[in-house]
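These notes concern the structure reproduced below.
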Amino acid sequence: MEVVIVPDAKAGGELIAESIASLWRRKPDALLGVATGSTPIPIYDALTAKVAAGDVDVSRARVCQLDEYVGLPAGHPESYRATVIRQVVEPLGLGAGSFIGPDGSAEDVQAACEAYDLALASAGGVDLQILGIGTDGHIGFNEPCSSLASRTRIKTLTEQTRVDNARFFDNDIDQVPHHVITQGIGTILEARHLVLLATGEGKAEAVAQTVEGPVAAVVPASALQLHQHATVVVDEAAASKLKLAPYFRHTFANKPVWQGL
């Protein structure tokens, strides 16, 4: 696992955006896995700026979702599909056919989960998956003690998560779904490159457990240690509990430029 310490969220976003742009230059139809939430927004902002400047051609680029609410009607503005369209697809100017996501409004949710895993495989697999991390070490909606071999499946949201997300639903928790579809940890690990961005002191303990702790289901993100190409990008605050921070700084400072992330 490579750990890159950056000054702030903006620098992290620009670094990751350049890695994505480089991927699309090498492989124009590469499939990018995107996450929602506030953490990855600097990535999407930097990527949008590169597209606007003509630094990368995204005419054949593809994106796919990490997770989705269950039970919201198709087109609901707070569905993760709608969020990804607002934050990624439309700003980058991607076509409608460039987007792959699970069907959270399906009558048979289990079948929708299985269909999504098959859709990712049929698309050739995810080339680069962006991840965030929860304060408890979760990735996607794989909460602590999720199976490290899990596939795309339905998960029940904790009450705290529903309280946190109520701000997107007019502060009405009754509007927040109880369930989500999420890529499982086993599904996530099939991506060719995993890039986790963490910012803020609140993520410092989870980052330390992920990077320097044992691989354990109680810290789902620690499964990234098993991946052949996993990159963890953290700002100074999120890196504050890393014992090996000096080593990580040294290795990245002396990394050949041609290697990229």
Query raised in the report: Residue by residue through segment 35-48, which ³J(HN,Hα) values in whole Hz follow from phi under the Karplus form 6.51 cos²θ - 1.76 cosθ + 1.60 (θ = phi - 60°), with glycine and proline marked x?
Result: 10, 9, x, 7, 4, x, 4, x, 5, 5, 5, 5, 5, 4
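Calculated from DSSP H runs of 4 or more alone, at -39500 (n - 2.57) each and per residue, what is the 222 nm mean residue ellipticity of the chain, nearest 500? Mind showing how you got there, number by number?
Details: 8 runs with 78 residues, N = 261.
The helix-only estimate for the chain comes to -8500 deg cm²/dmol at 222 nm.
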Requested in this report: Would you mind telling me which residue in 163, 88, 234 has the biggest mean-square fluctuation in a Gaussian network model of the chain, where springs connect alpha carbons within a distance under 10 angstrom?
Outcome: 163
Report summary line: For residue 20 the rounded accessible area (nearest 10 Å², probe 1.4 Å, non-protein molecules ignored) is 0 Å²
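Accessible area per residue of the chain at 1.4 Å probe, in Å²?
Values: 11590 Å² over 261 residues.
Result: 44 Å² of accessible area for each residue.
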Report task. List, in order, the whole-Hz ³J(HN,Hα) value for each residue of segment 210-226 obtained from phi through the Karplus relation with A = 6.51, B = -1.76, C = 1.60 and θ = phi - 60°; use x for Gly and Pro. Result -> 5, 8, 10, x, x, 6, 8, 4, 5, 10, x, 5, 5, 4, 4, 4, 8
Query raised in the report: Protein chains only, probe 1.4 Å: how do 94, 32 rank by accessible area, largest first?
Result: 94, 32
Requested in this report: Name the long-range amide H neighbours of residue 6: under 5 Å, sequence gap of 5 or more, or other chain; modelled H, no Pro or chain starts.
Outcome: 234, 235, 236
**Report entry** Under Karplus coefficients 6.51, -1.76 and 1.60, residue-wise ³J(HN,Hα) of segment 237-249 in Hz, glycine/proline x
**Finding:** 5, 5, 8, 5, 10, 7, 5, 9, 3, x, 5, 4, 4
Requested in this report: Give, in nm to one decimal, the length gained when the segment between residue 53 and residue 174 is fully stretched (0.36 nm per residue of separation minus the Cα-Cα distance).
Outcome: 39.2 nm
Query raised in the report: On the accessible surface of the chain, probed at 1.4 Å, how many percent belong to carbon and sulfur atoms?
Result: 54 percent
Query raised in the report: Which three extents, in whole angstrom, do the alpha-carbon atoms of segment 88-168 cover along their principal axes, largest first?
Result: 36, 30, 28
Query - Identified option (computed Rg/Rh (Cα atoms, Kirkwood Rh); candidates (i) 0.94; (ii) 1.00; (iii) 0.97) - result: (i)
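The values are calculated or read from the model by the stated rules, or taken from the named source; none is laboratory data. Everything numeric here is computed off the predicted structure, so don't read it as measured data. Surface accessibility is based on the protein's heavy atoms, side chains included, excluding ligands, DNA and RNA. Shrake-Rupley method; radii C 1.70, N 1.55, O 1.52, S 1.80 Å.
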